[in-house]
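Q: Handing you this structure, nothing more for now.
The values are calculated or read from the model by the stated rules, or taken from the named source; none is laboratory data. Because the structure is predicted, anything quoted here is derived from the model rather than measured. Cβ placement follows ideal geometry from the backbone for every residue including glycine, while neighbour counts extend to all protein chains displayed.
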Amino acid sequence: MTKLSCAHCGIHFTPAPQVPNQAYCSKPVCQKERRRQWQKSKLQSDPDYRDNQSRAQKAWTDRNPEYWRHHRLNRTDYGNSLPGEQASDALEPGSQSVKLDSLNPPQILRDESPRISWRPVGLSCDLGLDLPG
Ligand SMILES: [Zn+2]
């Protein structure tokens, strides 16, 4: 059987009969590279695919804004909690407001919770008085 030279790592390998024009060997790193190259050429040759990808990405970030916020906060925390640097960084005003934000619920939630807890009380009173019989 003919042997081919892997387009990524260059070793000689026996191509699988069911894969025509196989250019990469079966090593995971080379298969990863193959997918990367495929996606790259796909992005260049297919405007629809590119549009779809960026739209999907945007839709996802629109649905998950918290992910990016937490992601950023975590990174900040990692930076601030290095041993030895804690004392000086704790006084930094920027890092403190970030910590407060992550501990407290958003303003809207705090405003609505009293109303929600009041309503059942009023309702149960009204129902008790208005029930026929
Ligand atoms: Zn390879």
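Every residue, every condition in (1) outside any helix (DSSP H, G or I); (2) within 16 Å of the ligand (Cβ to nearest atom); (3) modelled with pLDDT of 85 or more; (4) within 23 Å of the chain's Cα centre (by Cα), yes or no:
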residue	(1), (2), (3), (4)
16	yes, yes, yes, no
23	yes, yes, yes, no
34	no, yes, yes, no
40	no, no, yes, yes
58	no, no, yes, yes
73	no, no, no, yes
83	yes, no, no, no
96	no, no, no, no
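Q: Also, quick follow-up: Assess whether residue 27 counts as being more than 10 Å from the ligand (Cβ to nearest atom), out of contact with any Leu (no Cβ under 7 Å at 6 or more places or on another chain) and among the basic types (Lys, Arg).
A: Details: more than 10 Å from the ligand (Cβ to nearest atom): no; out of contact with any Leu (no Cβ under 7 Å at 6 or more places or on another chain): yes; among the basic types (Lys, Arg): yes.
Answer is no for this residue.
Q: Take residue 50 and tell me if it is exposed (fewer than 12 other Cβ atoms within 10 Å of the Cβ) and assigned to a helix (DSSP H, G or I). Please lay out each step first, then the result.
A: On the way: exposed (fewer than 12 other Cβ atoms within 10 Å of the Cβ): no; assigned to a helix (DSSP H, G or I): yes.
No: the conditions fail for residue 50.
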